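The values are calculated or read from the model by the stated rules, or taken from the named source; none is laboratory data. Since we're looking at a predicted model, the values are computed, not measured. Please note: Cβ atoms are built from the backbone with ideal geometry, for glycine as well, and neighbour counts cover all protein chains shown. These accessible areas exclude ligands, DNA and RNA; they are computed on the full protein's heavy atoms, side chains included. Shrake-Rupley method; radii C 1.70, N 1.55, O 1.52, S 1.80 Å.
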Amino acid sequence: MYKFFFRLVFKRMDPEQAHYLAFRWIRLAARVPVLRTFVAAALAPRYEELRTEALGLRMHGPFGLAAGFDKNAVAIDGMAMLGFDHVEIGTVTGEPQPGNPKKRLFRLVADRALINRMGFNNEGSAAVAERLAAREPVFRTTVGVNIGKTKVVPEAEAVGDYVKSTERLAAHADYLVVNVSSPNTPGLRNLQATEALRPLLSAVREAADRTVTGRRVPLLVKIAPDLADEDVDAVADLAVELGLDGIIATNTTIARDGLGLRSSPSLVAETGGLSGAPLKARSLEVLSRLYARVGDRITLVGVGGVENAEDAWQRILAGATLVQGYSAFIYEGPFYARAIHKGLAARLAASPYTTLAEAVGAETRKATA
Ligand SMILES: Cc1cc2nc3c(=O)[nH]c(=O)nc-3n(C[C@H](O)[C@H](O)[C@H](O)COP(=O)(O)O)c2cc1C
């Protein structure tokens, strides 16, 4: 039914307008108590065997919403209602900013992909912190806060901008993500080089510890699929060295591999990050490589081209404790997260593993034994 509706309505609309329309419906539905209880009862994960402990947090299931969908933390309960067990809000930057000029989001329907150059359009760390502080949660969800650099802040002053966001937001975050991998902020991805990443992560860690007392906010870094393999290894080693809690692999890609000849060349040529199905193979490869390097010392989050339960299961076997999705939600619709949790429960039952935790990394361990 959703696919019919998608073809009839969303596909004919500008992708960004369609996003805001769907977003409005989700937020509205989440405000009506009877409706949200009914929807959540149907869609939220309720499988005992999928209960997940990650980053020192207890979750109902491993699958959540990737950053970029709810940039300003306005629909956390709405997304939880749809069965995403964790919701990563952001990217939030130190200062508010409008993002890139429109049009900046493109659908490559035939390739089940998106290209975006949104450029971190968001209300900024002060406004988002205020919203999170005032939030009265309806559903028990894990809230990740993803932070990035304000565009006008020079690369040399990036640390200060991330620290500002950390000071404002860490107290409201179940976990905090340093995003250094979006392709749409000039220079951002240079921060992935270990010489730049070490002082940045150390400063964010210090700022989180200074501002949040009584608990240690888990800190993760989100990396690009376009890193060379040696650079993936270097980030993994740095993460271990700094005692980081997790790595999210991966963000969107600037490459245009994995596309068929179905999407029009003018769409494929749009500048920005490619996400969805064509990203699947590289994201999985980066994840396996990370797991082979860090094993269970660091929590890995698998994201990029996860379209269905089989994809999510492959991420878990490769080494992900948590899995996220964004693009496929646009194409699959409101039952996306539910289908993934349900399919994961079935796959776990049919597997030799008794718990999800046992399955994490099993394939990569086999391959490297
Ligand atoms: C329109 C759009 C906006 C995004 N914005 C962000 C963002 O602000 N911060 C971020 O870390 N990732 C962002 N992402 C990347 C996603 O979180 C995810 O890493 C990527 O899309 C790969 O997953 P997918 O193939 O399931 O979409 C964005 C993705 C899309 C499609």
Checklist entry - Carbon and sulfur: what percent of the chain's accessible surface (1.4 Å probe)? => result 56
Checklist outcome for this item: With -39,500 (n - 2.57) per DSSP H segment of 4 or more residues and division by the full residue count of the chain, the 222 nm estimate, nearest 500 deg cm²/dmol, is -12500 deg cm²/dmol
Next on the checklist: Rolling a 1.4 Å sphere over the protein heavy atoms, what is the accessible area per residue of region 1-93, to the nearest Å²?
Outcome noted: 46
Item to check | Residue-by-residue Karplus 3J(HN,Hα) for region 284-291, coefficients 6.51, -1.76, 1.60, Hz, glycine and proline x | outcome: 5, 5, 5, 4, 4, 4, 4, 5
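At a Förster distance of 45 Å, what's the computed FRET efficiency of L267 paired with V32, Cβ-Cβ distance as r, to 0.05? Can you show the working numbers first?
On the way: r = 37 Å, r/R0 = 0.83.
Rounded to the nearest 0.05, the efficiency is 0.75.
How much length is gained if the chain between E49 and N308 is pulled fully straight, taking 0.36 nm per residue apart and subtracting their Cα-Cα distance, in nm to one decimal?
On the way: separation 259, 0.36 × 259 = 93.24 nm, distance 1.86 nm.
Stretched fully, the E49-N308 segment lengthens by 91.4 nm.
Taking the Cβ-Cβ separation of A346 and M1 as r and a Förster radius of 25 Å, what is the calculated FRET efficiency to the nearest 0.05? Please list the in-between numbers first.
Numbers: r = 22 Å, r/R0 = 0.90.
Calculated transfer efficiency: 0.65.
Between I254 and M13, take the C-beta separation as r, use R0 = 30 Å, and let me know the FRET efficiency to the nearest 0.05.
0.70
If you average 1/r over every pair of different alpha-carbon atoms in the chain and take one over that average, what Kirkwood value in Å do you get? Could the numbers behind the result be given before it?
On the way: mean 1/r = 0.0491 Å⁻¹.
Computed over Cα pairs of the chain, the Kirkwood hydrodynamic radius comes out at 20.4 Å.
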Item to check | Antiparallel bridges, percent of DSSP beta bridges restricted to region 2-368 (to nearest 5) | outcome: 30
Checklist entry - For the residue pair V240 and E358, what label-to-label distance in nm results when each label sits 7 Å from Cα along the Cα-to-beta-carbon direction? => result 2.6
Next on the checklist: Could you tell me how far the Cα centroid of region 133-208 sits from the Cα centroid of region 320-356, in Å?
Outcome noted: 28
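If the chain between R24 and A193 were fully stretched, how many nm would it gain, using 0.36 nm times the residue separation less the Cα-Cα distance? Walk me through the numbers before you get to the answer.
Details: separation 169, 0.36 × 169 = 60.84 nm, distance 3.87 nm.
Gain on stretching R24 to A193: 57.0 nm.
To the nearest 20 Debye, how big is the dipole of the chain about its Cα centre, given +1 on the beta carbon of each Lys and Arg and -1 on that of each Asp and Glu? Walk me through the intermediate numbers first.
Values: 45 positive and 40 negative charges, 264 e Å.
Value, rounded to 20: 1260 debye.
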Checklist entry - Where does the charge balance sit around N100 when Lys and Arg score +1, Asp and Glu -1, over other residues with C-beta under 13 Å from its C-beta? => result +3
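Of K280/K366; K222/K342; K3/K366; K3/K280; K71/K366, which sit over 32 Å apart, Cα to Cα?
Numbers: K280/K366 21 Å; K222/K342 27 Å; K3/K366 38 Å; K3/K280 21 Å; K71/K366 38 Å.
Pairs exceeding the cut-off: K3/K366; K71/K366.
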Next on the checklist: Taking 0.36 nm per residue of sequence separation and subtracting the Cα-Cα distance, how much length would be gained by fully extending the chain between R216 and R297, in nm to one decimal?
Outcome noted: 27.5 nm
